[in-house]
Amino acid sequence: MKRFLVILPLVITPFAFAKDHIITQKGKAFSESEITLAPGDNLIFKNDDDTSHNVFSAVEPMKFNLGIQKPGSEASHKFDSAGVAELRCAIHPKMKIKVTVK
Amino acid sequence: MLNKTLKIVSILSLFILNKQGLSKDKDKERLAGKSGVTVSLSTKGNDIAFDQTSIQIPFAENITLTFVNQALKGSEILHNVAVLKPGSVDTFLKALQLSGYDLDKIKNDPSILVMTEALAPGASQSVQFHPSEPGFYPFVCVMPGHADMLGMKGTLNITKASKK
Ligand SMILES: [Cu+2]
Ligand SMILES: [Cu+2]
């Protein structure tokens, strides 16, 4: 019984505490080239440039589009399911970041 | 000695061939002006979109397409246009994603009939292509996300030329 009580919080923890990870966009680049998340984690994109960005992922099941993101603003996306995606910026063809959810 | 002469001759002939290539292109331009059809396409101002998504033109052997990137100068956003073979848009967009939106990798894709360079705001380019028959020819912008995510694509409906 004691043993069961010890294990239980370990099982619940990853679901109970989804993490926020911050990625900065500066100099027309993401602050990381890759990042690994747990399902349910959020990626928060900060635009520290004086130009707009537009983060998206085109491939299912992680297809999403944050839309035009003005200088100084923040936008976030929650990654629910496991997988790998390459996120890009629709305005700056060289900007990309690989996201692994597992 | 003979070797050297051969080299000079081959360099010279390359030069001449190039020149002929250029004048051939000029001829094509002239042809398009007379017997061909011209199409004008641009971005919808500063939006990641074309100003037209459905264009109808009569069939011609020479079609000249002029594309203008009308995005604001400070926006830095690049656009281009690729005209594809009828029915190939889905296959092409998958290949484009697999290439990592790499213009150099995708430019030889068999679906492409003609493609402009990636154009900076304010820039324009005219390209020519020669459709084999009337039909619905898709056109897309190959910049990351523009066609596949944001719908920067359309159809060129090339109809049978009316008989006189
Ligand atoms: Cu960007
Ligand atoms: Cu575009």
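Residues B:Phe59, A:Phe56, arranged from fewest to most other Cβ atoms within 10 angstrom of their Cβ, appear as B:Phe59, A:Phe56.
Taking the number of Cβ atoms within 10 Å of each Cβ as an exposure proxy, the fewest-first ranking of A:Leu43, B:Leu98 is B:Leu98, A:Leu43. From least to most packed, judged by other beta carbons within 10 angstrom and beginning with the fewest, A:Cys89, B:Cys141 follow the order A:Cys89, B:Cys141. In this structure, the pairs whose alpha-carbon distance is over 19 Å, taken from A:Lys19/A:Lys102; A:Lys63/B:Lys44; B:Lys44/B:Lys153; A:Lys78/B:Lys94, are A:Lys63/B:Lys44; A:Lys78/B:Lys94. Computing FRET efficiency as 1/(1 + (r/R0)^6) for B:Leu98 and B:Asp47, where r is the C-beta to C-beta distance and R0 is 22 Å, gives about 0.25. Remark: region B:116-131, residue by residue, has Karplus-estimated 3J(HN,Hα) of 7, 6, 6, 9, 6, x, x, 8, 9, 8, 9, 10, 10, 9, 10, x Hz, where x stands for each Gly or Pro and the curve is 6.51 cos²θ - 1.76 cosθ + 1.60 at θ = phi - 60°.
For B:Gly151, no residue whose modelled amide H falls within less than 5 Å of its own remains once neighbours fewer than 5 places apart on the same chain are excluded. If you plug the beta carbon distance of B:His130 and B:Leu72 into 1/(1 + (r/R0)^6) with R0 = 35 Å, you get a FRET efficiency near 0.50. Residues whose amide H lies under 5 Å from that of A:Lys96, counting only those 5 or more places away or on a different chain, are A:Phe30; hydrogens are built 1.01 Å from N in the peptide plane. The H on the amide N of B:Gln52, modeled in the peptide plane, is under 5 Å from the matching H of B:Ser42, each at least 5 residues off or on a different chain. For region B:36-159, what does the alpha-carbon gyration tensor say about shape, rounded, prolate or oblate, given a ≥ b ≥ c as the root eigenvalues, a/c under 1.5 as rounded, and a/b over b/c as prolate? Cα axes put region B:36-159 in the oblate bin. Residue by residue, region A:27-42 carries 3J(HN,Hα) couplings of x, 6, 8, 7, 5, 10, 9, 8, 8, 10, 10, 9, x, x, 6, 9 Hz when phi is fed to the Karplus relation 6.51 cos²θ - 1.76 cosθ + 1.60 (θ = phi - 60°); x denotes Gly or Pro. For region B:82-90, the Karplus equation 6.51 cos²θ - 1.76 cosθ + 1.60, evaluated at θ = phi - 60°, returns couplings of 10, 9, 10, 5, x, x, 9, 5, 5 Hz by residue, with Gly and Pro reported as x.
Rule-based calculations on the coordinates, nothing more; no lab input. Bear in mind the structure is a predicted one, so any value in this text is a computation, not a measurement. In this analysis, Cβ positions are derived from the backbone assuming ideal geometry, glycine residues included, and neighbour counts consider all displayed protein chains.
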